Every structure is written in structure tokens, then in C-alpha cells.
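What follows draws every value from the coordinates through simple rules; no lab data is involved. Quick caveat, the model's predicted, so the values are computed rather than measured. No Cβ is skipped: glycine too gets one built from the backbone with ideal geometry, and neighbour counts run over all protein chains shown.
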Amino acid sequence: MSTFLFKNRNSMFTPVSNAFIENYMPKARGEFVKVYLLGLKYCVSGEPGVASQIMASSLHLLETDVLNAWTYWSEAGVVKMVPMDNMGNFSIQFVDLDEPADAKAQEINLLEELNNGSTKDMLQDIEKLLFRPLSSSEMQMYISWQKEFDFSPEIILLLIQYCASKGKNDSRYIEKTALAWHDARIKTIDDAQSFIKRSEDKWVKIRKILKYLGIRDGEVMKPQEEMIVKWLYTYNFSLDIVFRACNICFERINKADFKYIDGILNSWYKEGIKTLEDVDKKDVRKSPSKGSYKNAPAAQKQPEGKFNNFEHRNYDYDDLEKKLLGWDTDD
């Protein structure tokens with residue numbers, strides 16, 4: 001169970017920003033909106049904090065839904081979610097969505113920039129990709145990338161096209177993608193295309209693992225995503241190895257548990273296991289009395305139960321029959 005502590009101001013009503021309603025609410029899942037609104041109500045009414053169990057009960061949701069909601073809003077830039085400790089407690093601060101654009105954006109002379117033919121063409125192409133007109137703050141953001149990130153108009157258009165192909169047309173997601181490209185030191189179209197391919201290959205594998213576990217990729221949290229990336233790219237385990245660990249988790253605790261699976265794979269990595277054959281050899285070496293990753297062969301498997309906890313005896317059935325019939329006594 002987690003606890004969320006709010007940096008609040010006391011009020012008898014809950015003001016909801018028009019920027020949230022117009023820009024963030026339409027794209028979010030309904031349960032995420034419910035968590036945001038209830039959390040905002042707690043915040044402005046002076047509530048110091050609330051347990052995830054209470055929020056889940058009030059909204060008829062699972063606790064994991066509540067945590068996923070706060071993670072989603074944190075990544076969207078709507079709240080600042082900061083871990084307080086290792087017990088799953090967080091500080092939640094609501095961002096003022098009606099704040100003006102930052103000073104750097106304001107320094108851009110938009111009218112002057114629009115006189116530049118290549119810049120104007122770039123903005124018009126972006127509008128076509130997003131199927132909507134751009135706000136002045138969005139125009140300023142895209143123009144600033146040419147100076148701050150050293151992105152050419154071609155790279156910016158490729159970035160917008162990539163985001164749009166994933167159904168992500170909101171400016172916040174596009175900005176996060178641009179920051180990721182900048183951190184990856186993308187300078188050319190070839191750099192961008194290679195980065196996209198690596199990212200897509202990674203997510204293809206992640207989605208296969210999530211599907212195997214019965215989880216939608218929209219429900220995975222950042223720590224879970226980081227675990228999967230570690231299995232695939234730090235430990236260099238194949239999907240088959242990860243699936244085997246998932247099977248063991250299902251067999252032992254009858255549910256998907258990321259920490260349990262992570263424990264199995266951590267152990268395998270330390271033991272130098274790299275293939276399914278290595279896992280099978282490890283199973284053979286393990287004593288049946290200590291358990292194994294695979295079920296023992298049917299010929300060796302002993303049924304469990306209270307009638308098997310005694311030493312079996314050998315009987316002379318011919319002698320028993322004579323005694324039952326009274327033939328063992330002398331006439």
C-alpha cells in the first residue's frame with residue numbers, strides 16, 4: 001500500500017484548469033481522470049495525504065490503477081511525483097498548467113521567424129502531420145529546437161511523423177521525445193532513423209513479454225519497464241529465457257509478479273545461464289527433494305498425502321489368505 005502526501009492549499013471547492021480539460025483529459029483513460037480529480041480535491045481541501053487503498057476504495061478501482069494513474073500524470077507533466085522512501089510513498093505536487101511559456105520561448109520573435117521560408121514550411125508541414133493548427137507556444141517550441149538542440153527542419157519533421165504514427169499528437173509527448181533524441185545526441189536523419197529502429201525493436205520485445213503476462217502495455221509502470229529492459233539488454237536474455245522465468249513464476253505463485261520474475265532472472269544471470277539448455281541442465285542437477293524448475297518425470301513423482309508418510313511393508317498374501325480362511329490351524 002502506498003501513501004500520497006499533497007502539497008496543498010485549503011479551499012472549499014476544487015478548481016480544475018481549462019488547460020487540463022482541453023489538453024490532457026481527452027487523451028487520458030477515465031480512471032486516470034478520476035484519480036487526478038479526487039487527488040486535486042484532497043490537495044485543495046487541506047488533506048495532508050491519503051493512502052492508495054482509500055483512493056482505490058472511493059473510486060472503485062484497484063490500488064495498481066491508482067499508482068498507474070499518478071505515474072501517467074507525472075510523465076505527462078501534470079503533477080510532480082517524488083518518492084519519499086523505499087516503502088512506496090510519494091509526494092504529489094500539482095503543476096500550474098496555466099503558467100505562461102518559459103522565458104526562452106517568449107524571447108523568440110514569432111513574426112520574424114515566420115518570414116523565414118524554411119521555418120514557415122516546416123510549421124505548415126507539422127500542422128498537416130498533426131491534422132490541427134499549431135498554437136503560438138507550439139510554434140515557438142519547434143523553432144527553439146533548431147537553436148537549442150541543433151535539429152534541422154528535416155529531423156523535426158521526422159520526429160513529429162514518428163510521434164503521429166504512434167497516435168501521440170499532444171505537444172507534451174512530442175517534447176519528451178525531442179528531449180530523448182537530444183540526449184541520444186541525434187544530429188542527422190541517419191542518427192534519427194537508427195534511434196527509431198532501436199526503440200521500436202525494444203518495444204516489440206517489451207510488448208511480447210507484457211502480452212505473455214496478460215498485461216496491456218499502457219498499464220506497465222516505469223519501474224516494470226526498466227526491469228524488462230534490464231532483462232533484455234543488460235542481462236541479454238532471449239525472449240524464450242524470459243518466458244521460462246514467467247512460467248516458473250506462474251507455477252509457483254499462480255500470478256504474474258515482476259519482482260519474483262526479476263529474482264529468478266537475477267539468479268540465472270549470476271550463475272551464467274544464457275540458454276534454455278543451461279536452464280534444463282540446472283534442473284537436472286537440482287535434487288527433486290529440493291524442488292526443480294520442471295516437474296519431475298511421472299515415474300519418479302510420488303503422490304503427496306497423509307497416507308504416504310509411513311514405511312511400506314511387504315506381506316505374504318498366501319499366508320494371510322490361509323489365516324483369514326482358518327486354514328492355518330491344525331485339525
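Key figures for this structure:
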item: Debye log10 I(q)/I(0) at q = 0.22 Å⁻¹ for segment 180-231, Cα point scatterers; result: -0.84
item: For Phe237, net neighbour charge (Lys/Arg +1, Asp/Glu -1) across residues whose Cβ lies under 12 Å away; result: +1
item: Three principal axis lengths of segment 103-187 [C-alpha, angstrom, descending]; result: 32, 28, 22
item: Sequence of Ile160, Ile264 once ranked by neighbouring C-beta atoms within 10 Å, starting from the fewest; result: Ile264, Ile160
item: Fraction of beta bridges assigned by DSSP in segment 3-94 that are antiparallel (%, nearest 5); result: 75
item: Total formal charge among the other residues, if their Cβ is under 14 angstrom from that of Asp190, Lys/Arg +1 and Asp/Glu -1; result: +2
item: Under Karplus coefficients 6.51, -1.76 and 1.60, residue-wise ³J(HN,Hα) of segment 69-83 in Hz, glycine/proline x; result: 5, 5, 4, 4, 5, 5, 5, 7, x, 8, 10, 9, 10, 10, x
item: Largest-first principal axis extents of the Cα set of segment 3-94 (Å); result: 35, 27, 24
item: Cleavage-rule hits (GluC sites (Glu not before Pro)) in segment 119-168: DSSP loop, at most 14 neighbouring Cβ within 10 angstrom; result: none
item: Set Lys202/Lys259; Lys208/Lys281; Lys80/Lys255; Lys80/Lys187 screened for pairs whose C-alpha atoms are more than 28 Å apart; result: Lys80/Lys255; Lys80/Lys187
